[in-house]
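> Take this structure, written in structure tokens, and hold onto it; I'll ask about it next.
The values are calculated or read from the model by the stated rules, or taken from the named source; none is laboratory data. Computed from a predicted model, the values in this text were never measured in an experiment. Cβ placement follows ideal geometry from the backbone for every residue including glycine, while neighbour counts extend to all protein chains displayed. Calculation scope for accessible area: heavy atoms of the full protein, side chains included, ligands and nucleic acids excluded. Shrake-Rupley method; radii C 1.70, N 1.55, O 1.52, S 1.80 Å.
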Amino acid sequence: MRIGFIGSMASDVGLSTLRGAQIAVDELNARGGVLGGRMIELVTADTGDDVFEGIRAYEQLAETERVEFIVSGSIDDVSLGWLPRMVEYQI
């Protein structure tokens, strides 16, 4: 199972949220995965603290990386920019 993480890799909030997500993934995988033993792969996308880069990052996770779920640790102008993509991709 591929899960996407989207956030600014240049900010403390983005990096600390990514660390938390990776810890959760590692713990779940160590316990045998999810949904009947599916291992989780965490795929990251950097928003660069820019609205347009954030939209591009979301599209990359959805179209290129083909993730099933996307998590983020912030609500700001950048994340508000990709909200229409959430509706479009249903991820």
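> Could you look through segment 12-64, keep only residues that are within 19 Å of Gly81 (Cβ to Cβ) and acidic (Asp, Glu), and pick out the one that is surrounded by the most Cβ atoms within 10 Å (Cβ to Cβ)?
Asp46
> When only residues in segment 65-91 that are in contact (Cβ under 8 Å) with a residue 60 or more places away in the chain and out of contact with any helix residue (DSSP H, G or I) (no Cβ under 7 Å at 6 or more places or on another chain) count, which is least open to solvent (accessible area, probe 1.4 Å)?
Selected residue: Glu65.
> When Ala21 is evaluated against the numbered criteria (1) over 18 Å from Arg2 (Cβ atoms); (2) out of contact with any Asp or Glu (no Cβ under 9 Å at 6 or more places or on another chain), which criterion, by number, is the only one it fails?
Single failed check for Ala21: (1).
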